[in-house]
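Everything below concerns the one structure shown next.
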């Protein structure tokens, strides 16, 4: 049948329209396809052939002569066998392990789910009591599983000859339970060369042609902390934007990657993303997957009975008030328990105000205890089991701690989840003599926080040394049921997350001395051994610099532009770190560049740029006051660095891993003035001046004696402070121009013992000339020389005095005063006294400048400071007599025993020790962000001026006496009254003569 032309035209257009609709639909469907995580290279795995040998501590080797089992030979991997009777989660993870083995060897490994297989080499994986394979090997005496019986999450890996008919050799991975088996597989994967961050940070898998297992049984034992996990929190805009683009929502596909990451690091616990989201409600298939894989789910500190906060907005009826709306709240909570029935979980109890706020002022303890009682009744009814068989937790977060302090109690089987102050300082720990609790204690810690005094979310600002010190304290006081850390968006907290979960496995096996090695080992696991030490040092330094003051708190006035070259040293140190980063990157293979950018380069470059921007803004303000021509230069410099920050972010989003991590660095980090994030990054304010045309000379003398209070910090000073041969000072005079035309100047001196780094020049803006003394030519005794600064267009110059003291006595030892200041890093003591019960422990790298020191054990009883008690001794030598103030610098430890405060003592020479209270300004009964705490967490230091004393010139001894455990001393500074050399980090360490 023929079709008429008009009809053919109509049909053809209909078909064309239909095709266009289908094409449009397919384009619109692309995001849905991405929800499986397959698009935009989301599943691409980097691999990198490596010549690295395994560490001696590994049970793997590339030497066949030392082997007991062949994992990979000539690129051919062994096959994997897992029993059908095992947990489905074990079988699922065995599939991940199969991929790992394939990536490491370069050839696909075979996974067999069954009861037997004939092959030369076979990896047999299974759970004791669940795997028929493992149980049969144990019954036949081929493996000894006695060590696994009754254990929590333990695994063993052992080579076995002739394990079954048709198999010559096997490597058996046996677990005491489901997670034990999973941890065994992932531990082997990591040791073979698959970083836990292979997907989350694109760390390349290390490919080796030959891998053998040594002929011995390997196990890590049981974890010392039962539940070890992370909390995804404050996830907008970074993580939420990324998830929406890549997965459509926080669904099963996204969480499977999270579950895998946690398990690869031998964690087992998760508080999922909560703001506007519910893991259980958004995708009901997610929670069963977590249970299958072995990840224990819980809800956050303010979300009772497995209900997310957002679900009350979605389905709740009435107010979030138990007195007024008890029936609806009970129904709401019951539904949370019913939908998670049969799933492993830890149930949050009690109640906070709606939206993670404090309860109302009228809330009483009786009501809260009634809420807990009713919630436990619901749990028991739904589970149909004794209440003690369901793990429960009560989080003592913020004001909830006050309820506990005032007498609120929960049943003994409930875990008390203690908390830090949101800034990494533990708030309270159980008394050493308190009665044991069946539910034990946990700790909720923070790497990320939204709240006062300002939020910090952008980059890693946590020193692992501080985590070690506070969590060592925590563990020593019996807190081992739950260790949980708030990690924000997961990225960019890769490094501290790794440390936290590894440390939680066995705190007893992780001494302070191991901390420097951890950086190197972590870097080796990501990038290989060749550059591991250098990369580890870079990470240690950038986290140290960041911890001095978090980026969101930095201001143009943070670091001093006037004393100790503090601000410029900070910029120089960070920029030298950038150069080290660039040098390492050039030597890394291209396959490692994406990972290196995420884990090392971006945080270093971005933070170096941010610090330099704030210093430029600070110079703009100061130099405007001084009428410098460079005022406008630093206004422009501030702008340049501000826009450079955006370029770093764009590169991270668009170029790294072909755009895989778009949105992940979208957190604002400039312009904070309160806890609430600004909507956009805001450049610090700058100003411009209209300089005169003619060149005009100004100058600043470092450590200059100001002629009046109107000219601070050496501006137009007529004299340097005194030079002496021990400190051998090298001070600058900074010449600056106050006009648009270039300035030509000279510096001269008729004293041949005064050394100048330059005798003049022509400048547009500023230049520093270094002034020092040739002590071989300098006259003996006290004398005064001078330099003369002259501008080419001036008739006469300005004279600046150069006083010297060249009559110091022989035999001076100890820390030597320099113009009224003696500054001592606490770890550089000359003498120490220890007892059988108390010793001193250096914590390497902890602190804002050097390392720190604390007394051990942290459970020691209070010491009475006297001649035989523990002390540190610092020998000093004062060049001048006068009234001196002594200031101590401590890591901001809180009064974790809720007593009168943490005590220590100080003495000078033979005087009796003076008892000091680190928390004398603290309000122990209330937590309303007191001023002393705001300053301590912003500055990451607690300072106390402890003594004011008349001291003669000559030798003296300062003693720091241990009284209470838990104090961490960083620095001790003795400063003469009238010396006002203020700076953020305090004076640099004084010269020491031994």
#### Entry: Test result for residue 709, assigned by TED's automatic domain parsing to the domain that holds residue 788, out of contact with any strand residue (DSSP E or B) (no Cβ under 7 Å at 6 or more places or on another chain) and either surrounded by fewer than 21 Cβ atoms within 10 Å (Cβ to Cβ) or modelled with pLDDT of 95 or more (or both)
yes
### Query
When the stretch 730-752 is examined, which residues are found to be free of Cβ contacts under 8 Å to residues at least 40 places away in the same chain and either over 23 Å from residue 626 (Cβ atoms) or loosely packed, with under 15 Cβ neighbours inside 10 Å (or both)?
750, 752
#### Entry: Sole residue being farther than 20 Å from residue 873 by Cβ and either part of a strand (DSSP E or B) or modelled with pLDDT of 95 or more (or both), chosen from 854, 849, 835
849
### Message
With the structure loaded, tell me whether residue 154 is in the same structural domain as residue 198 (by TED's automatic domain parsing) and more than 18 Å from residue 263 (Cα to Cα) or whether it fails that test.
### Response
no
### Message
Filter the stretch 76-97 down to the residues that are assigned to a helix (DSSP H, G or I) and within 11 Å of residue 110 (Cα to Cα) and list them by number.
### Response
94, 95, 97
### Query
From 481, 579, which residue is out of contact with any helix residue (DSSP H, G or I) (no Cβ under 8 Å at 6 or more places or on another chain) and without any contact (Cβ under 8 Å) to a residue 24 or more places away in the chain?
579
### Query
Looking at the stretch 290-302, which of its residues are out of contact with any strand residue (DSSP E or B) (no Cβ under 6 Å at 6 or more places or on another chain), at pLDDT 95 or above and not in a helix (DSSP H, G or I)?
294
#### Entry: Extreme residue, farthest from residue 214 (Cα to Cα), among residues of the stretch 68-84 that are crowded, with 17+ Cβ neighbours inside 10 Å and touching a helix residue (DSSP H, G or I) at 6+ places or on another chain (Cβ under 6 Å)
83
### residue 624 over 30 Å from residue 937 (Cα atoms) and crowded, with 18+ Cβ neighbours inside 10 Å
yes
### Query
Among the residues of the stretch 415-422, is there at least one that is at pLDDT 95 or above, more than 30 Å from residue 540 (Cα to Cα) and either assigned to a helix (DSSP H, G or I) or within 18 Å of the chain's Cα centre (by Cα) (or both)?
no
### Query
Can you tell me which of 421, 412 is out of contact with any strand residue (DSSP E or B) (no Cβ under 8 Å at 6 or more places or on another chain) and under 22 Å from residue 306 (Cα atoms)?
412
### Task
Determine which member of the set 566, 605 is within 23 Å of residue 934 (Cβ to Cβ) and out of contact with any strand residue (DSSP E or B) (no Cβ under 9 Å at 6 or more places or on another chain).
566
### Task
Only residues that are surrounded by fewer than 20 Cβ atoms within 10 Å (Cβ to Cβ) and within 22 Å of the chain's Cα centre (by Cα): list them for the stretch 518-530, please.
520, 521, 524
### residue 975 being more than 18 Å from residue 870 (Cβ to Cβ) and either in contact (Cβ under 8 Å) with a residue 60 or more places away in the chain or in a helix (DSSP H, G or I) (or both)
yes
### Query
Only one of 492, 453 is assigned to a loop (DSSP other than H, G, I, E, B), buried (at least 24 other Cβ atoms within 10 Å of the Cβ) and in contact with a helix residue (DSSP H, G or I) (Cβ under 7 Å, 6 or more places away or on another chain); which?
492
### Query
Out of (1) under 30 Å from residue 447 (Cα atoms); (2) modelled with pLDDT of 95 or more, what's the single condition that is false for residue 329?
(1)
### Message
Of all residues being assigned to a loop (DSSP other than H, G, I, E, B) and at pLDDT 95 or above in the stretch 867-893, which is surrounded by the most Cβ atoms within 10 Å (Cβ to Cβ)? Just the residue, please.
### Response
891
### Query
List pairs: first in the stretch 770-791 and at positive phi, second surrounded by fewer than 19 Cβ atoms within 10 Å (Cβ to Cβ) and outside any strand (DSSP E or B), Cβ under 6 Å, 6+ apart or cross-chain?
781/807
### Message
Please go through the stretch 378-387 and give me each residue that is loosely packed, with under 15 Cβ neighbours inside 10 Å and assigned to a helix (DSSP H, G or I), ordered by number.
### Response
381
### Task
Please specify each residue of the stretch 332-358 satisfying the condition of being modelled with pLDDT of 95 or more and within 17 Å of residue 371 (Cα to Cα).
332, 333, 334, 335, 336, 337, 347, 348, 349
### Query
Do any strands (runs of 3 or more DSSP E) entirely within the stretch 196-269 hold 1 or more residues that are more than 23 Å from the chain's Cα centre (by Cα), and if so, which?
205-207, 211-213
### Task
Output yes when any residue across the stretch 766-787 is more than 21 Å from residue 888 (Cβ to Cβ), in the same structural domain as residue 731 (by TED's automatic domain parsing), surrounded by 14 or more Cβ atoms within 10 Å (Cβ to Cβ) and in contact with a helix residue (DSSP H, G or I) (Cβ under 9 Å, 6 or more places away or on another chain), and no when none is.
yes
#### Entry: Residues of the stretch 627-673 classified as on the phi > 0 side of the Ramachandran plot and not in a helix (DSSP H, G or I), total
3
### Task
Among the numbered conditions (1) closer than 26 Å to residue 472 by Cα; (2) crowded, with 16+ Cβ neighbours inside 10 Å; (3) over 32 Å from the mean Cα position of the chain (by Cα), tell me where residue 392 comes up short.
(3)
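The values are calculated or read from the model by the stated rules, or taken from the named source; none is laboratory data. Everything numeric in this text was worked out from a predicted model, so none of it was measured. Methodologically, a virtual Cβ is constructed for each residue, glycine included, from the backbone with ideal geometry; neighbour enumeration extends over all protein chains shown.
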